[in-house]
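Undergrad: Shown below is the structure under consideration.
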Amino acid sequence: MNIKRLFFALSAAAMLCISTNAGTPDIAIIPAPRSLNQTQGHFTLTSGATIGYGKDLKEYADYLSGIFDKSTGWEIASRPGKGTITLAVDPAKVREAEGYTMSVTPKGVSITGADKGGLFYGIQTFLQLLPPEIYSQTRVKNIAWSAPCVTVSDAPERPWRGMMLDVARYFHDKDYVKHYIDMMAMYKLNKLQFHLIDDSGWRLESKKYPRLTEVGAYAGPEHNKLGGYYTQDDIREIIDYGRLRNVEIIPEIEFPAHILSAIVAYPWLSCTGLQHELPRQHFISRDLLCVGKESSIKFLQDILDETVELFPSKYINIGGDEAVYSRWEQCPDCQALMKREGLTKASELQGWLTNVVAKMMAEKGRTVIGWEEIITRGKVDTPVVALIWHDVNDSTLATKDDHKAILTPATHMYLDFPESSTPGEVKAAGWMPPISLEKCYSMPVNDYSDKSTVLGVQGCLWSDQFIHGTVLQEIQPLNENRSENYVDYLTFPRLLAVAEVAWGKESDRNYTDFKQRVSKHYARLDNKGTAYRIPEPEIASMTEGANGVTFTLAPSVEGSQIRYTTDGTYPTAHSKLYDGNPVTAARKTDFHAVTVVNGKNLSLPIYFAPDYSAYEKYGRLATEWTPLHIQPVSSPWRIDATGKISGNGEYEITFIPLKGNATLHLGNLKLMKREEKLDEVTADNTLTSEPVQYSFKVDSFEAGTPFTVVVDQWGENAADSHGLVFIRKKD
């Protein structure tokens, strides 16, 4: 063979096995597989295809054929043995738990899992190779149902890849919970922490204590009740739905705090025995489960016995966060228990209770999980798992006592925070800065080994925002589902980042590549009926010149349009269509552009925040004032401080005048937590050209709770005054 012929032969052979990552032009798998090699050609699904399956795998074949049936309209036959698509489980061939291998050739597809979970994940990877319409709930015509030929070998880095869904603060019916499970499973997340109990509602039917749901599941007047609950049959249905999709449903029975819903139903559970009402607005009750009464401990044991019987999960979550111990400090029964047990602080009663429950659950073959407070409120002898929600480095708290940890820090993994601070962003948690897709993706996490303290990663979606201010409840006569769309908007696309952070090694992450893959997944989310947040267009370049500022844009959603304006107004679906050429606006702030999906769904506009770097020493901007804010007589000026107050400590609020001829008077100041006054400052200040400052103290911070600064103000003789207000926490 001559040299030239040998060269072409080797080139042709190389084309048959091109090593790629998960982000080639044809391929956008999330989370990125450990190993993926693209080979020549495509596999095309036809109406004559069959699904072959191994022993005890019929339900997986039925699952796959059910997806095909809806989108293609074909009833793909399934049978034991081999088929056009063959499904198998073989732990001898695939050795890592939840791992799988897949081969896609022009003639067929073979998926082998180490276990049923691995097989299911292989199916998900195969579906992501097919056109996005494969997820459609109705038949789609004129689609070539083709997948690129590949070989894949994949397995998760960590055993715990979770999401927490809060249905206690705001109830979602079982169909939406199934949707959430489906979306988790699509991206290979395997643990759902089901937050069933909180001050605002008890969502789990109890046969022994029926008033928990008769009374504790609903708030408000009879004609406009807010709430709901899951029957035990509902729970069994949800568990089985998760089982097939390799999602373990982990119940969270919250105590000793966040249990007002049970106290409303059975007042004798609290230290005071007082009757309360279920709240329609979010707050954290100071009432705790009274640990000093044998009747309370018996109640807890009964509830946990029912929970263990209902949920097959080997984990039981007991919450344990944000307890304020003033009731225990004043309760004779709790004080007597402290004396008997030789405890010196009321907080140690929580450690005592955690010990009791952890041992109780261990005897039933279950492991207790809770927020990190369960390992910081006294020594716990039985090994437990702590959800680390303050800082990833706090996982060391679990190491010293042989406990395990799951990373779910609010800084990266709380999806109830908004993605941006762009004006018009939906109402969301504000007690910490926004969490962008990139920030979520950047969360540090060490590689896993069998000896690791950290089991894995979990995202959290809290629903307390649903009952802050404007209530997002559905309007039943209209069969609205606004709250479900709201949860989807907050969850997606950031759940995709949670999934990739949880699945692979941190050293393998590449945000640029990930963002490109995400851009191809919005069409899949559309077909899955998911109300995701549409990202703004990408600014590819921005150049300032003599004629203004020139922009070049790139789409953030594959197949979307970009509409823009250059006169400072916000674009609509009918604004000028961006054609790929540079666009110039007189000023940067005059330019706005939006992503338009399906011709009607718009993103927020590209937004350029004002530059306040000159005022950095004063903290974070709280608000600005204009003449419209100035009153002719002394009046309360309410300034939203939520998000600017991030914990207990000393704070400073600064009023900085910018321009205007009016003399502005600032009087007494109050700090409010909801309607509770935390601090008050008596003052009589005149604001002319120099900043005016107040100091106040926060000593009972609650995450997710609104804070408001109320200051008396009026303008002398005129209202011509403009300025800025900043808040900072003192060192």
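The values are calculated or read from the model by the stated rules, or taken from the named source; none is laboratory data. Because the structure is predicted, anything quoted here is derived from the model rather than measured. Note that each Cβ is placed from the backbone with ideal geometry, even for glycine, and that neighbours are counted across all protein chains shown. Side chains included, ligands, DNA and RNA excluded: accessible areas come from the protein's heavy atoms. Shrake-Rupley method; radii C 1.70, N 1.55, O 1.52, S 1.80 Å.
Undergrad: Could you count how many residues in segment 113-147 are closer than 23 Å to Asp26 by Cβ and not in a helix (DSSP H, G or I)?
TA: 11
Undergrad: Can you pull out the residues in segment 628-644 that are surrounded by 19 or more Cβ atoms within 10 Å (Cβ to Cβ) and outside any strand (DSSP E or B)?
TA: Residues satisfying the conditions are Ile630, Ala641, Gly643, Lys644.
Undergrad: Considering only residues of segment 645-691 that are of a type in the set (Ser, Thr, Tyr) and over 31 Å from the mean Cα position of the chain (by Cα), which is most open to solvent (accessible area, probe 1.4 Å)?
TA: Taking segment 645-691 and keeping what is of a type in the set (Ser, Thr, Tyr), we get 646, 651, 654, 663, 682, 686, 688-689.
After this cut, where a residue has to be over 31 Å from the mean Cα position of the chain (by Cα) as well, the list is 654, 663, 682, 686, 688-689.
On the way: Thr654: 0, Thr663: 38, Thr682: 120, Thr686: 72, Thr688: 86, Ser689: 83 Å².
Of everything passing the filter in segment 645-691, Thr682 is most open to solvent (accessible area, probe 1.4 Å).
Undergrad: Looking at Ala662, Ala641, Ala718, which is the one that is touching a residue at least 24 places away in the same chain (Cβ under 8 Å) and closer than 30 Å to Ala323 by Cβ? Spell out how you get there, then give the answer.
TA: On the way: Ala662 fails: closer than 30 Å to Ala323 by Cβ; Ala718 fails: closer than 30 Å to Ala323 by Cβ.
Just one listed residue meets the conditions, Ala641.
Undergrad: Being in contact with a strand residue (DSSP E or B) (Cβ under 9 Å, 6 or more places away or on another chain) and open to solvent by less than 40 Å² (accessible area, probe 1.4 Å) narrows it down to one residue among Val177, Val140; which is it? I'd like the intermediate steps shown before the answer.
TA: Working: Val140 fails: in contact with a strand residue (DSSP E or B) (Cβ under 9 Å, 6 or more places away or on another chain).
On inspection, the qualifying residue turns out to be Val177.
Undergrad: Also: Return the only residue of Tyr218, Tyr187, Tyr229, Tyr209 being in contact (Cβ under 8 Å) with a residue 12 or more places away in the chain and either among the aliphatic types (A, V, I, L, M) or open to solvent by less than 10 Å² (accessible area, probe 1.4 Å) (or both).
TA: Working: Tyr218 fails: either among the aliphatic types (A, V, I, L, M) or open to solvent by less than 10 Å² (accessible area, probe 1.4 Å) (or both); Tyr229 fails: either among the aliphatic types (A, V, I, L, M) or open to solvent by less than 10 Å² (accessible area, probe 1.4 Å) (or both); Tyr209 fails: either among the aliphatic types (A, V, I, L, M) or open to solvent by less than 10 Å² (accessible area, probe 1.4 Å) (or both).
Answer to the selection: Tyr187.
Undergrad: Condition first: open to solvent by 10 Å² or more (accessible area, probe 1.4 Å) and either closer than 25 Å to Ala429 by Cα or not in a helix (DSSP H, G or I) (or both). Now tell me which residues in segment 288-320 satisfy that.
TA: At the first step, the residues of segment 288-320 found to be open to solvent by 10 Å² or more (accessible area, probe 1.4 Å) are 292-295, 297-298, 301-302, 305-306, 308-310, 312, 314-315.
Gly292, Lys293, Pro312, Lys314, Tyr315 - these are the residues of segment 288-320 that are open to solvent by 10 Å² or more (accessible area, probe 1.4 Å) and either closer than 25 Å to Ala429 by Cα or not in a helix (DSSP H, G or I) (or both).
Undergrad: Identify, from the list Ala28, Ala92, the residue that is touching a residue at least 24 places away in the same chain (Cβ under 8 Å), small (Gly, Ala, Ser) and either open to solvent by 10 Å² or more (accessible area, probe 1.4 Å) or not in a strand (DSSP E or B) (or both). Please lay out each step first, then the result.
TA: Values: Ala92 fails: touching a residue at least 24 places away in the same chain (Cβ under 8 Å).
Within the list Ala28, Ala92, the selection yields Ala28.
To keep it simple, each residue is scored yes or no on (1) modelled with pLDDT under 95; (2) open to solvent by less than 30 Å² (accessible area, probe 1.4 Å); (3) closer than 26 Å to Thr138 by Cα.
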{"residue": "Arg34", "(1), (2), (3)": "no, no, no"}
{"residue": "Ser71", "(1), (2), (3)": "no, yes, yes"}
{"residue": "Ser78", "(1), (2), (3)": "no, no, yes"}
{"residue": "Leu87", "(1), (2), (3)": "no, yes, yes"}
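Undergrad: Do we find a residue being surrounded by 15 or more Cβ atoms within 10 Å (Cβ to Cβ), at pLDDT below 95 and β-branched (Val, Ile, Thr) anywhere in segment 484-493?
TA: yes
Undergrad: What strands (runs of 3 or more DSSP E) lie completely within segment 358-412 and have 1 or more residues being buried (at least 20 other Cβ atoms within 10 Å of the Cβ), out of contact with any helix residue (DSSP H, G or I) (no Cβ under 9 Å at 6 or more places or on another chain) and not basic (Lys, Arg)?
TA: Values: elements: 367-371, 385-388, 404-407.
Of the strands (runs of 3 or more DSSP E) lying wholly inside segment 358-412, those with at least 1 residues that are buried (at least 20 other Cβ atoms within 10 Å of the Cβ), out of contact with any helix residue (DSSP H, G or I) (no Cβ under 9 Å at 6 or more places or on another chain) and not basic (Lys, Arg) span 367-371.
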